[in-house]
Amino acid sequence: MTRFIYVLLFALLFVPCEGMAEDTDNAKKLETVNAALQKKDYEKAVSILKELVPQGDPEACYIMGELYLEGKGVKKNQAQAAKHFSIAAEKGDIRAQTAYGEALASGNGVTRNFKEAYRYFRKAAEQGFARAQYCLGYLYAQGRGVKKDIAQAIDWYGRAANQGLAEAQYSLGWTYLNAKDDNQSDTRAAHWFEKAAEQEHIKAMNNLAFMYAEGRGFPLNYGKAAQWYKRAADKGYREAQYNLGFLYEQGHGVEQDYGKAVELYRKAAEQNEPAAQYSLGLMYEQGTGVPANLTEANRWYREAARNGDPDARAVLRAQSKNLPVPAAEPKTSAKDKDKAAKKKGKASQ
C-alpha cells in the first residue's frame with residue numbers, strides 16, 4: 001500500500017513537471033524563431049517551426065501561416081497559410097483569428113465566407129485587438145456577413161482608431177465624410193484624416209489635402225492642401241499627383257505653373273488615373289504647358305475614356321459625330337469635387 005502511494009505521488013509530480021519542461025522548451029524555441037525572423041533568417045525559423053507546428057503550438061502555427069502568406073522560407077501558399085491560421089485561431093490566438101478572418105473575407109486560400117469572417121473578427125475584436133476591430137468595422141460598413149450598420153462601423157472603427165491604427169483612422173474619416181445621416185461630420189472626418197496622415201497613410205494625406213482645398217472641416221487653405229498633396233504625390237500616389245497638378249494649373253496655394261501641372265498630370269496619367277489623362281489631353285489641346293498637339297490630346301482622351309472618364313467620352317462622342325467640340329476649359333472645382341468624391345473613399349482591405 002505504501003509503495004502504491006509513492007508511485008501515485010511520483011506520477012502526479014512527474015507529469016506536470018514534464019509538461020512544464022516542454023512548455024519552457026517551446027518558449028525558448030519560439031524566442032529563437034523570433035530572433036531568426038529579425039535577422040531575416042527564414043530557413044532557420046521554418047526549421048524550428050516545423051518542430052512546433054505538429055504539436056499545435058498556436059504562436060508557431062500563426063507565424064508559419066504568415067510565412068506561407070508572404071512566401072518567406074517556404075513557397076508562397078495561401079491555402080497553407082489559411083490552414084495554419086485556422087489551427088491557431090481555434091486555440092484562441094487573436095492575431096490568427098484576425099488573419100483567418102481576413103482569409104475568409106477575401107477568399108484567399110479558403111472559400112470566401114463573410115459570416116465566418118465576422119465570427120472570427122468578433123472574437124478577436126472583443127478582446128481589444130485593433131486590426132480585428134478595424135476589419136469588423138469594415139464588414140458593418142459594407143454589409144458583408146452582417147446587416148449594414150454605419151453606427152456599428154463607426155463604433156468599431158473608432159475603437160481601432162483610438163488605438164492608433166492608421167487604416168481605421170482613415171476609414172473612420174471616410175465614413176464620417178460620406179455618411180448620409182446624423183453621423184456625417186466634416187470636422188470629425190478632417191480630424192481622423194489628419195491622424196492617419198501623420199502616420200504616412202497615403203490616402204489620408206490626399207483626403208486631408210482635399211478637405212483643406214474644399215474648406216471642409218478646416219478653413220479653406222490651399223497652401224496646406226498643396227503641402228499634403230505633395231507629400232502623397234512624392235510617394236507616387238496618382239490621385240494626389242493629379243490633384244496637385246490641378247493646383248499648379250489654377251495657381252491655388254502654389255505659383256501657377258502650367259509646365260509643372262503637365263508634369264504631374266503625366267505622372268498620374270501614366271498610372272492610368274483617368275482624370276489626369278483627360279486633363280493632360282486638355283493641356284495638349286489648348287497648348288497649355290506643352291506645344292499644342294491634337295493627336296496627342298486625342299490619345300490621352302482615348303485613354304481616359306477607356307478608364308471611364310465621362311468628360312473624355314463626351315469629347316470622343318462629339319468627334320465621332322463630327323460635331324464641333326466646345327473650347328476646352330480646365331475642369332471646375334465643382335467637377336473636381338465630384339470626381340474626388342467618387343475616387344477617394346475605398347476602405348483599405
### Message
Please go through region 114-137 and give me each residue that is within 20 Å of the chain's Cα centre (by Cα) and either under 19 Å from Asp182 (Cα atoms) or not in a helix (DSSP H, G or I) (or both), ordered by number.
### Response
Phe129, Gly137
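In region 83-104, what residues are assigned to a helix (DSSP H, G or I), in contact with a helix residue (DSSP H, G or I) (Cβ under 6 Å, 6 or more places away or on another chain) and surrounded by fewer than 24 Cβ atoms within 10 Å (Cβ to Cβ)?
Step one: filter region 83-104 for residues assigned to a helix (DSSP H, G or I), giving 83-90, 94-104.
Going one step further and asking which of them are in contact with a helix residue (DSSP H, G or I) (Cβ under 6 Å, 6 or more places away or on another chain), we end up with 84-89, 94-101, 103-104.
Answer for region 83-104, where residues must be assigned to a helix (DSSP H, G or I), in contact with a helix residue (DSSP H, G or I) (Cβ under 6 Å, 6 or more places away or on another chain) and surrounded by fewer than 24 Cβ atoms within 10 Å (Cβ to Cβ): Ser86, Ile87, Ile94, Arg95.
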### Condition check for Asp181: modelled with pLDDT under 95, farther than 18 Å from Tyr100 by Cβ and more than 20 Å from the chain's Cα centre (by Cα)
yes
### Task
Search region 48-72 for residues that are small (Gly, Ala, Ser) and pair each with any residue that is buried (at least 22 other Cβ atoms within 10 Å of the Cβ) when their beta-carbon atoms are under 7 Å apart and the residues are at least 6 apart or on different chains.
Ala60/Leu49; Gly65/Ala81; Gly65/His84; Gly65/Phe85; Gly65/Ala88; Gly65/Ala96; Gly65/Ala99
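I'd like the full set of residues that are charged (D, E, K, R), in contact with a Leu (Cβ under 7 Å, 6 or more places away or on another chain) and closer than 21 Å to Gly308 by Cβ, limited to region 226-284.
Hit for region 226-284 is Arg266, nothing else.
The values are calculated or read from the model by the stated rules, or taken from the named source; none is laboratory data. If you're wondering where the values come from, they're calculated on a predicted model, not measured in any experiment. Note that we place each Cβ from the backbone using ideal geometry, even for glycine, and neighbour counts take in every protein chain shown.
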